[in-house]
Amino acid sequence: MSRLRLTMAAVDYDRFAALRDGRVRAEGIDLELLPMEVEEIFYRQARYAEFDVSEMSLSTYVLSLGRESFPYVAIPAFPSRYFRHQTMFMNANAGIEHPADLRGRRVGVPEYQITAGVWQRGILADDYGLDPRDVEWFSGGVEQPGRVEKQAISLPDGVVVTPIGPAATLSQMIADGELDALLTAHVPEAFYRHDHVRRLFPDYKAVEKDYFRRTGILPIMHLVVIRKGLLEREPWVARSLLKAFEQSLRLAREDLMYRSSLKVMLPWLADHVDETVSALGEDYWTYGIEPNRHVLETFLRYSHEQGLAARRYEPEEIFAPSTASTFVV
């Protein structure tokens, strides 16, 4: 019987390394990984639905649920997770000393619907009492002008999001004082170039450790999606891929624990891994619904509360049914 040939677009992560080098093969599938940057994957995916399998923004996926034309179904493999306190920035000249000081301020976001922004607004609301209605939002490209929302969104009353000018960038605007703060998914160039552009949480590692201690959440950014038509023809593909992703994740974790030599160019890798495990536990990065139920429920609550998701979904509703549970021996 011939194997099914599929293409997958994803960032060149260590958790996919065993799939790339052949140590792991999905049962019945020849999977060709196409390494790309996140922005290219999401653009080609949203505009043209080019890939059989791909990494996808959790927020974009949840926003798209219920749309008949939406061509993908997700499985609970989460290749990107990221604490989000560390990518909140402010202009020190604006007199901001505490997250609650963002009330009434001008705050930039690349797109209002991006996953990082949903998590950041949810954290600011839950932990610091800052409602999205308390802020004047501005959206656009962080380093390059012209970025627009990839998904049409309908905002709740009281939330105002204004696109910045066609030649403007959020990084330059916060540097120039046109923005008081910036919530983004990466470190803006202005942070490296201007002393007055600083993190909202300067000691972000300590804050994020405390956040995890209190909540048990290492935020999920992306999941993996499969083309709907493919799953309708070959329903076994979802479980086969999830099983392979889990095997590859396990081998990536073993590579981090390897001590005979350094597989990554970090001289203090062992200390960093020990610190991470001490703070987060050995299974801090897992796939599947049940181990991530609280994380998923929190994000789905945030998406609905912020007026993005059509309703408050349950985790089981957003994944291929065959991946919602597994057999036991």
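Listed values, structure above:
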read-out: Selection from region 177-221 of residues that are in a helix (DSSP H, G or I), surrounded by fewer than 21 Cβ atoms within 10 Å (Cβ to Cβ) and among the aliphatic types (A, V, I, L, M); value: ALA206, VAL207
read-out: Whichever residue in region 164-176 is in a helix (DSSP H, G or I) and more than 22 Å from the chain's Cα centre (by Cα) and, among such residues, is farthest from SER57 (Cα to Cα); value: ASP176
read-out: Close pairs (9 angstrom Cβ cut-off, 6 or more residues apart or separate chains): on the phi > 0 side of the Ramachandran plot in region 277-293, of a type in the set (S, T, N, Q) and crowded, with 17+ Cβ neighbours inside 10 Å anywhere; value: GLY288/THR323
read-out: Inter-residue pairs, beta-carbon under 7 Å, first in the same structural domain as PRO71 (by TED's automatic domain parsing) and more than 12 Å from VAL73 (Cβ to Cβ) and in region 228-240, second of a type in the set (Gly, Ala, Ser) and crowded, with 18+ Cβ neighbours inside 10 Å, 6+ apart; value: SER240/ALA26
read-out: Region 113-148, residues that are buried (at least 16 other Cβ atoms within 10 Å of the Cβ), assigned to a loop (DSSP other than H, G, I, E, B) and either among the charged types (D, E, K, R) or free of Cβ contacts under 8 Å to residues at least 60 places away in the same chain (or both); value: LEU130, VAL135, GLY140, GLY141, VAL142, ARG147
read-out: Number of the condition not met by GLN247 [criteria: (1) in contact with a helix residue (DSSP H, G or I) (Cβ under 6 Å, 6 or more places away or on another chain); (2) within 14 Å of ALA77 (Cβ to Cβ); (3) not hydroxyl-bearing (Ser, Thr, Tyr)]; value: (1)
read-out: Enumeration of residues in region 257-276 that are under 26 Å from ARG213 (Cβ atoms) and either of a type in the set (Gly, Ala, Ser) or in contact (Cβ under 8 Å) with a residue 60 or more places away in the chain (or both); value: ALA270
read-out: Meets criteria (farther than 30 Å from ILE174 by Cα and either surrounded by 18 or more Cβ atoms within 10 Å (Cβ to Cβ) or within 21 Å of the chain's Cα centre (by Cα) (or both)) for PHE245; value: yes
read-out: Residue within region 20-27 that is crowded, with 21+ Cβ neighbours inside 10 Å, in the same structural domain as ALA244 (by TED's automatic domain parsing) and touching a strand residue (DSSP E or B) at 6+ places or on another chain (Cβ under 8 Å) present; value: no
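The values are calculated or read from the model by the stated rules, or taken from the named source; none is laboratory data. These numbers were taken from a predicted model, which means no experiment stands behind them. Cβ coordinates were reconstructed from backbone atoms using ideal geometry, including for glycine residues, and neighbour counts include every protein chain displayed.
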